[in-house]
1. Which one of these is closer than 12 Å to Leu59 by Cα and outside the structural domain of Ser23 (by TED's automatic domain parsing): Ile137, Ile151, Ile165?
2. Answer yes if at least one residue in the range 257-277 is among the charged types (D, E, K, R) and farther than 23 Å from Leu61 by Cα, and no otherwise.
3. What number of residues within the range 180-195 are without any contact (Cβ under 8 Å) to a residue 40 or more places away in the chain and on the phi > 0 side of the Ramachandran plot?
4. Quick test for you: out of Asn187, Asn141, pick the one residue that is under 17 Å from the mean Cα position of the chain (by Cα) and farther than 21 Å from Ile213 by Cβ.
5. I'd like to verify a number: residues in the range 71-112 that are under 18 Å from Ser23 (Cα atoms), out of contact with any Pro (no Cβ under 6 Å at 6 or more places or on another chain) and aliphatic (A, V, I, L, M), how many?
6. Among residues belonging to the range 67-82 that are touching an Asp or Glu at 6+ places or on another chain (Cβ under 9 Å) and more than 17 Å from Thr240 (Cα to Cα), point out the one that is surrounded by the most Cβ atoms within 10 Å (Cβ to Cβ).
7. Quickly run through the range 152-195 and pick out the residues that are under 19 Å from Leu254 (Cα atoms) and of a type in the set (D, E, K, R).
8. Here is a list of conditions, (1) assigned to a loop (DSSP other than H, G, I, E, B); (2) more than 14 Å from Asp166 (Cβ to Cβ), and Asp20 meets all of them except one; can you say which number that is?
Amino acid sequence: MIADLHQYNVISILQEILTDGHSPLKVWTDDNRVFIIKSAQGKMPAYYLISEFLCGYFLQLWNIKTPKIAAVKLPIQLLSTTPYLSDRHKPRFYENTLCFGSELIQNILDLNLLLETIEMKRIANPIDLLKIALFDIWVENDDRKPTNNNIIVQVVDKKYYFNAIDHAYVFNSLNYENLNPSYGVTNTYNESIMNTKLAKTICSQTLVNDKLIKEMEFHFFSSVYSCFKNFDAISSNIPTVLGYKSNLKEKIRLFLFDEHRNKLVFKEFINRLNFDLEP
């Protein structure tokens, strides 16, 4: 069952997080929550934000940890009372629209540190990293790669839990009108999270056999089917002000749930799994 998307209002801007991309804002909301928010930056349809909302729901159905998502309204008067904001936060980017919000997770560890000093025994479920890699092939994620992993590690009772974040640049970063399942899989191994020391270590220390492959195959196709069944409910939750029209929805549906393409997606994942096991 897909939960309704909550909406919150910003009461204070805490920080701008300077990045090469959206430079999101860390904000305090009227529900006493801290969110990281992104605006559409004046683009319509707001493909990047729509993709964030879609993947936020898809990840839940894949049983992959990800921060809670919400629609967030930022009153434009707060921009003028917050010093040192970059020009990526013009008032027109926030007027009469909503932002994508990702709730701040506490007690996190930089995955880059974990990549340097791997403590496998503390990773709660190493297979989750492989599931994230498979998810990225499915949604054609251009932005989770060895140089930009877009994974945060939550520490709970001295155990590490992977959380997937930042899904603005999925679907090959294409406008949805240009999606075509006949293109197959274009996401490459070199630009995948699989091509990291951590993923290779997980593969080398995991019993990769027919049983695991069958389990991953079941996980993939059952997760995709769950997303298919809930796709209309997910789509109905995306704020209409972002320009998610019925024609765009159908393009996403045809792309993600194409049977032939999804067989290629899983085949590509197995190829990468075997590649990581090579000496």
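The values are calculated or read from the model by the stated rules, or taken from the named source; none is laboratory data. Computed from a predicted structure; not experimentally measured. All Cβ positions, even for glycine, are placed from backbone atoms using ideal geometry, and neighbour counts span all protein chains on display.
1. Details: Ile137 fails: closer than 12 Å to Leu59 by Cα; Ile151 fails: closer than 12 Å to Leu59 by Cα.
Only one candidate passes the filter, namely Ile165.
2. Taking the range 257-277 as the starting set, the residues that turn out to be among the charged types (D, E, K, R) are 258-259, 261, 263, 267-268, 272, 276.
Checking which are farther than 23 Å from Leu61 by Cα leaves us with 272, 276.
Yes, that holds for at least one residue.
3. 0
4. Numbers: Asn187 fails: farther than 21 Å from Ile213 by Cβ.
The unique qualifying residue is Asn141.
5. 5
6. So the first thing to find is which residues in the range 67-82 are touching an Asp or Glu at 6+ places or on another chain (Cβ under 9 Å), and the list is 67-70, 76, 82.
Filter once more, so that each one left must be more than 17 Å from Thr240 (Cα to Cα): 67-68, 76, 82.
Details: Pro67: 19, Lys68: 15, Ile76: 14, Thr82: 16.
Across the range 67-82, the extreme among qualifying residues is Pro67.
7. Start the filter on the range 152-195 by keeping residues that are under 19 Å from Leu254 (Cα atoms), which leaves 169-187.
Listed by number, the list holds a single entry, Glu177.
8. (2)
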